[in-house]
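Some notes on the structure that comes next.
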Amino acid sequence: MIIIVGSSPPHKNDVPSLQQVVRSWHARGGIVSTIDVSALLHEEHERRINRWLYGEEPKQISPLPEFYQEVKQSFAALARDGGGDTVALGTDTGLARHILVLAFGPQWQAEIGKATRGM
């Protein structure tokens, strides 16, 4: 199991070789899943900027910019090629719970939820 966590899409020149590695890993029985943190980073950035400029929390977070849309698309493609899943992290989501589900598989989601309750 490989889990990729990141906030930027791969460099365009690296995409073909990265796809080859992911597909090869999957062909040998491996799984590649991804964790997309772009929404979390975007929201955090907007909150910091708004507090710095205006001294208060923003009333609304803007839609994801194009750059973060690219992150989502590239991570989804990697997970698809790797036979895995993509998880988008939000502020209310437990990272440990998601990693366990990615590592053990969605069939264990209920049991992992019970085991990690209160984390």
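The values are calculated or read from the model by the stated rules, or taken from the named source; none is laboratory data. Note that this is a predicted model, so its numbers are computed, not measured. Quick note on the areas: whole protein, heavy atoms, side chains included, nothing else; ligands and nucleic acids left out. Shrake-Rupley method; radii C 1.70, N 1.55, O 1.52, S 1.80 Å.
Of the solvent-accessible surface of the stretch 2-119, computed with a 1.4 Å probe over protein heavy atoms with every protein chain present, carbon and sulfur atoms account for 56 percent. Distances between placed amide hydrogens fall under 5 Å for ILE35 paired with ILE4, VAL5, GLY6, VAL87, all partners being 5 or more residues away or on another chain.
Legend: helices of the chain (whole DSSP H runs) are marked when their alpha-carbon atoms reach 30 angstrom or more along the helix axis and their mean Kyte-Doolittle hydropathy is at least 0.5; nothing is marked.
Here the extension length gained between TYR54 and GLN107 equals 14.4 nm, from 0.36 nm per residue of separation less the Cα-Cα distance.
The relative contact order of the chain comes to 32 percent, based on Cα pairs under 8 Å that sit 6 or more residues apart.
Among LEU53, LEU102, LEU40, the largest mean-square fluctuation in a Gaussian network model of the chain, built with springs joining Cα atoms closer than 10 Å, belongs to LEU53. When shorter helices are ignored and each DSSP H run of at least 4 residues is given -39500 (n - 2.57), the per-residue value for the chain at 222 nm works out to -16500 deg cm²/dmol. In the context of the full set of protein chains, residues of the chain present 67 Å² of accessible surface per residue (probe radius 1.4 Å, heavy atoms only). Would you please classify the overall shape of the chain from the alpha carbon gyration tensor, given that a ≥ b ≥ c denote the square roots of the eigenvalues, rounded means a/c under 1.5, and beyond that prolate means a/b larger than b/c while oblate covers the rest? In terms of gyration-tensor shape, oblate.
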